[in-house]
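Beneath this line is the structure, given in structure tokens, with notes to follow.
Throughout, read-outs are computed from the coordinates displayed, never taken from laboratory work. As the structure is a computational prediction, the values presented were derived from the model and not from experiment. No Cβ is skipped: glycine too gets one built from the backbone with ideal geometry, and neighbour counts run over all protein chains shown.
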């Protein structure tokens, strides 16, 4: 099995003197005020969950946007701070953006444009030339920050996601002796969808400055190769997943991302989490109830509205579970500057109130909506409370929430309801796979999960836990390193 220590040894052996730099939009720790005191929290989302263990194993630098009101108070003169705060093992270098830069780069081009373009969730993407210019200008700032770190040293820069489609080209024009890999966490759509993007040729050409471009699943690899073949003058070698353009070669591969299985499993057994479970069950009056749990950012791709409708349909079809079943949705507000997210939040509120008013009695209501940022321990505690985890994304590159639920279930109980439109569905075949657009099917899956025998739960959970423990985040990182540095990958 791949471990943090084994990955650390691999990095030291294979990277040698080459510096490791990870680049992402979201920072792993956010510093905020609590009264007059500065505290920190870990932001929601799968990216931090996946990359934090790698950074702790390897050291090096993590370059990310400052997002906390107190972020500037804890950095040094180079905008750097040691992380994790409680046991530092790597350096976070923060990039500070103006409000105008954040709006054009993050909210508009990245999340009103690229995000809906890449997710089939039927939200229309919008693109403005001014936003694209800001998007590229912000990447210039990131490239300058990386150049300050790297200097003349050889470096491996690991770029994360759709916020940095031009970064490899910009960076390589500033810094020599740098190898770049980019992991595209979200889906890559087919070439006909990409046709909508006004700047597709330049964006594709800049992505091909990467030495390795990685996606979650092979389907996205094929989509990308087809897109390049259609819009960029190049030689696409489908048989070996490689693109040649301008004297450069880009490997295009699928590497499904994962979690630190052992860490999640260990936290789940900790006294703190066990105590939190009891406290939460008491606070929300869940003892003796069948509990389903959803854990997401509030995002239209996650299928939360569909979940609420499925709860309604489930109770209509199975009135014997009235007052015996509760669905708890954990949700951190996200991207509220965008109209689509504000409208989603309003729709969720209206639907929740309507369903609760329809069924509530004797102090019981079927849907509990806990809108807040949740710590890793809190999420794992909720995963331990739920008899069922509902992961109903309409489209998702992977979805690490599903994997974290499985890793939390040390007693082998519980059932996972998982959208077939997630990358995780290709690995977690023992989940109850559903089409989230089919509300009756989702409601029926809830009944199946709740009434599943203990023996069947154990059988399914054992196989899913074995899959995740073997295919963990350290193996994911090792596979990427073996591909880009051209050495033999040894499984055990």
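Which whole-number percentage describes the relative contact order of segment 143-232, with Cα contacts under 8 Å and a sequence gap of 6 or more?
Relative contact order here is 32 percent.
With all distinct Cα pairs included, what does the Kirkwood hydrodynamic radius of segment 82-125 come out to in Å, to one decimal, could you say?
Mean inverse Cα-Cα distance, inverted, gives 12.8 Å.
Taking the C-alpha atoms of segment 298-348, how large are the radius of gyration and the largest Cα-Cα span, Dmax, in Å?
Looking at segment 298-348, its Cα Rg and Dmax stand at 13.3, 42 Å.
Determine the calculated [θ] at 222 nm for the chain from helices alone, applying -39500 (n - 2.57) to every DSSP H run no shorter than 4 residues and normalising by the residue count; nearest 500 deg cm²/dmol.
-13000 deg cm²/dmol
Which FRET efficiency value, to the nearest 0.05, is calculated for residue 364 and residue 470 with the Förster distance at 41 angstrom and r the Cβ-Cβ distance?
With R0 = 41 Å, the Cβ-Cβ based efficiency is 0.50.
Given bins 10 angstrom wide, list per bin the percent of all Cα-Cα distances in segment 263-470, short to long.
9, 37, 40, 14, 1
Helix 46-58 versus the longest principal axis of the chain: what angle, 0 to 90°, nearest 10, using Cα atoms?
50 degrees
Which value results for Rg/Rh of segment 68-143 when Rg is the Cα radius of gyration and Rh the Kirkwood radius based on the inverse mean 1/r?
Rg/Rh: 1.11.
Dividing the convex hull volume of the Cα atoms of the chain by its residue count, what figure in Å³ per residue is obtained? Could the numbers behind the result be given before it?
Details: hull volume 72.8 nm³, N = 492.
Once divided by residue count, the hull of the chain is 148 Å³.
Quick one: of the DSSP bridges fully inside segment 263-470, what percent are antiparallel, nearest 5?
Rounded to the nearest five, the antiparallel share is 5 percent.
Would you kindly compute the Cα radius of gyration of segment 126-196 and its largest Cα-Cα separation (Dmax), both in Å?
Answer for segment 126-196, Rg first and Dmax second: 13.8, 42 Å.
If I fit a long axis through the Cα atoms of helix 473-484 and take the longest principal axis of the Cα atoms of the chain, what angle between them do I get, 0 to 90°, rounded to 10?
Taking Cα atoms only, the helix is inclined about 20 degrees.
Using Cα centres only, tell me the gap between segment 414-431 and segment 192-244 in whole Å.
27 Å
So what is the relative contact order of the chain, in percent, for Cα pairs below 8 Å that sit 6 or more residues apart?
14 percent
Can you divide the C-alpha Rg of segment 189-271 by 2.2 N^0.38 Å and report the result to two decimal places? Before the final figure, lay out each step's value.
Details: Rg = 17.0 Å, N = 83, 2.2 N^0.38 = 11.8 Å.
The reported ratio for this selection is 1.44.
If you find the alpha carbon centre of segment 286-323 and of segment 253-274, how far apart are they in angstrom?
Computed from Cα coordinates, the inter-centre distance equals 25 Å.
Which shape class, rounded, prolate or oblate, goes with segment 1-74 when its Cα gyration tensor gives a ≥ b ≥ c as root eigenvalues, a/c under 1.5 marks rounded, and past that a/b bigger than b/c marks prolate?
The shape class here is prolate.
At a Förster distance of 30 Å, what's the computed FRET efficiency of residue 100 paired with residue 177, Cβ-Cβ distance as r, to 0.05? Let's see the in-between values first.
Details: r = 34 Å, r/R0 = 1.13.
It comes out at approximately 0.35.
Give the dimensionless ratio obtained when the Cα radius of gyration of segment 320-394 is divided by 2.2 N^0.38 Å.
Here the Cα radius of gyration is 1.23 times the empirical estimate.
Assuming a ≥ b ≥ c are the square roots of the Cα gyration tensor eigenvalues, decide whether segment 180-232 counts as rounded (a/c under 1.5), prolate (otherwise, with a/b larger than b/c) or oblate. Please report the intermediate quantities before stating the final value.
Details: a/c = 1.78, a/b = 1.17, b/c = 1.52.
Oblate, since a/c reaches 1.5 and b/c is not below a/b.
Helix 218-231 sits at what angle to the longest principal axis of the chain, using alpha carbons and giving 0 to 90 degrees rounded to 10?
Roughly 50 degrees, rounded to the nearest 10.
Over the chain, what is the percentage of antiparallel beta bridges among all DSSP beta bridges, to the nearest 5?
Close to 25 percent.
Give the shape of segment 347-461 as rounded, prolate or oblate, defined through the alpha-carbon gyration tensor: a ≥ b ≥ c are the square roots of its eigenvalues, a/c under 1.5 means rounded, and otherwise the shape is prolate if a/b is larger than b/c and oblate if not.
It comes out rounded by the Cα gyration axes.
If we sort 194-204, 398-408, 303-313, 321-331 on the protection proxy, mean other Cβ atoms within 10 Å, highest first, what's the order?
The packing order, highest mean first, is 398-408, 303-313, 321-331, 194-204.
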